Amino acid sequence: MLIARVIGNTVSTVKDERLVGRKLMIVRQTDEYGAPQGKPFVAVDTVDAGVGDLVLTCSGSSARQTNQTKDTPVDAVIMSVIDSLTVDGKTVFSKNA
Amino acid sequence: MLIARVIGNTVSTVKDERLVGRKLMIVRQTDEYGAPQGKPFVAVDTVDAGVGDLVLTCSGSSARQTNQTKDTPVDAVIMSVIDSLTVDGKTVFSKNA
Amino acid sequence: MLIARVIGNTVSTVKDERLVGRKLMIVRQTDEYGAPQGKPFVAVDTVDAGVGDLVLTCSGSSARQTNQTKDTPVDAVIMSVIDSLTVDGKTVFSKNA
Amino acid sequence: MLIARVIGNTVSTVKDERLVGRKLMIVRQTDEYGAPQGKPFVAVDTVDAGVGDLVLTCSGSSARQTNQTKDTPVDAVIMSVIDSLTVDGKTVFSKNA
Amino acid sequence: MLIARVIGNTVSTVKDERLVGRKLMIVRQTDEYGAPQGKPFVAVDTVDAGVGDLVLTCSGSSARQTNQTKDTPVDAVIMSVIDSLTVDGKTVFSKNA
């Protein structure tokens, strides 16, 4: 999984029928402290994440293992909102800080 | 999924029989504002996208989850035409703008 | 799929039994004009491509969706020989040019 | 598989139900001597690895082949703690050294 | 598949039970002439390759298509020892040279 920050969302009218009703968020991978790095990608939100949240994303065929994405043409999913990150014994990110 | 722009298409006579009748578009990944970045790749168009359109592409085994690509040797598919992109609360791309 | 140019081939005596009789070509990804870029990789040829041909390659589990590669430990396949590439309305590559 | 070092962990309350009770560790890929390189990612720990351990991680659909990750939306798993690494006949890493 | 050189091996006591008895080799991707490039990774050896051998590796779900790796949490396998590489009609690598 990747640590990623939700930065926005996409809207599409013309799409595969199995995507109707799915929230497609724009995210960017971060480092272990939550700082964004690299190119953005789009993931289906299955946990009601919001813009600004730090989340875990899952890619590939594993992205189809949630109830909302089964048999759907999606290759990335947000499956967790991160509360905290601990590196070498120190809390380096806390959602409520 | 990746945000990508359709830049062209490919034509092939010699190909796997399951690809007959499929539209193979050349796309390039973009950043969250729709600006192309990185190398081109080829994706099967399932939503009648046109050159210049901003689209979402899905890769890997998930690319075989559309009606048009089931059991087909393809690893990337266009499954949505993007109407708009919103980043940090601002609309940064709109198809009809 | 990737646009790639066939640059050579590999020969192996010691190999998984399901690879016997398969042609293993060395290819390099190209840009949208057919110019090679990046590292080489090896793909099973299913369309009788030759050295110098511009082809489409398919990777991952989708590479096992051809009759010749079903249930085989291969992760890349050549599934099409490219006749032409069109970018922004112009033909930028033609096999017979 | 990648050689990686465990550098920390993540805590999440809001997550896919199949992730409840799973340990999600932050790891970084290393070179063949155990020196970290590149971006961090998150892997499910199936072998009770600790922070500082050098481990092997497995990605993609193969990450769902352990008893703890079957049918779960995860794309990376720690499936081994490394005792030693040998390169060109020399032991370059030993856990108990 | 990638062209890779076997540079060493890993030893693990604590590991997923399906890995018991498997040889886990450290390899590095090479260019089309056999010169190592990029980061090392670990692949299950299914063809009795030795350190120094040039091999083909297969990644992802396809790595589970050998008799030794079926239903196993591994994402890379050595499935061939390379005898020779030919590029643009010239033999650029020969095992017995």
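For (1) among the β-branched types (Val, Ile, Thr); (2) over 21 Å from residue E:81 (Cα atoms), each residue gets a yes or a no:
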site	(1), (2)
C:44	yes, no
C:54	no, yes
C:58	no, yes
C:61	no, yes
C:67	no, yes
C:71	no, no
C:77	yes, no
C:80	no, yes
C:88	no, yes
Do you know which residues across the stretch B:65-81 are part of a loop (DSSP other than H, G, I, E, B) and buried (at least 21 other Cβ atoms within 10 Å of the Cβ)? B:65, B:66, B:69, B:72, B:73, B:74, B:75
What is the number of the single condition among (1) touching a Pro at 6+ places or on another chain (Cβ under 7 Å); (2) more than 30 Å from residue A:70 (Cα to Cα); (3) not in a loop (DSSP other than H, G, I, E, B) that residue D:32 does not meet? (3)
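Here is a yes/no grid of residues against (1) of a type outside the set (S, T, N, Q); (2) assigned to a strand (DSSP E or B); (3) within 14 Å of chain D (Cβ to nearest Cβ); (4) farther than 29 Å from residue C:50 by Cβ:
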{"position": "E:9", "(1), (2), (3), (4)": "no, yes, yes, yes"}
{"position": "E:13", "(1), (2), (3), (4)": "no, no, yes, yes"}
{"position": "E:43", "(1), (2), (3), (4)": "yes, yes, yes, yes"}
{"position": "E:52", "(1), (2), (3), (4)": "yes, no, yes, yes"}
{"position": "E:56", "(1), (2), (3), (4)": "yes, yes, no, no"}
Could you please tell me which pairs satisfy a Cβ distance under 8 Å, a separation of 6+ or placement on different chains, a first residue in the stretch B:65-93 that is more than 7 Å from every other protein chain (Cβ to nearest Cβ), and a second residue that is outside any strand (DSSP E or B) and of a type in the set (S, T, N, Q)? B:67/B:46; B:68/B:46; B:69/B:46; B:78/B:46
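One line per residue, one yes/no per condition, for (1) crowded, with 21+ Cβ neighbours inside 10 Å; (2) more than 10 Å from the chain's Cα centre (by Cα); (3) under 20 Å from residue C:76 (Cα atoms):
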position: B:6; (1), (2), (3): yes, no, no
position: B:16; (1), (2), (3): yes, yes, yes
position: B:32; (1), (2), (3): yes, yes, no
position: B:37; (1), (2), (3): no, yes, no
position: B:41; (1), (2), (3): yes, no, yes
position: B:45; (1), (2), (3): yes, no, no
position: B:51; (1), (2), (3): no, yes, no
position: B:58; (1), (2), (3): yes, no, yes
position: B:63; (1), (2), (3): yes, yes, yes
Exception for residue C:60 within (1) at negative phi; (2) at pLDDT 95 or above; (3) not β-branched (Val, Ile, Thr) falls at (1)
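The values are calculated or read from the model by the stated rules, or taken from the named source; none is laboratory data. What you see is a predicted model, and the numbers here were worked out from it, not measured in a lab. With ideal geometry, Cβ positions are generated from the backbone for all residues, glycine too; neighbour counts draw on all protein chains shown.
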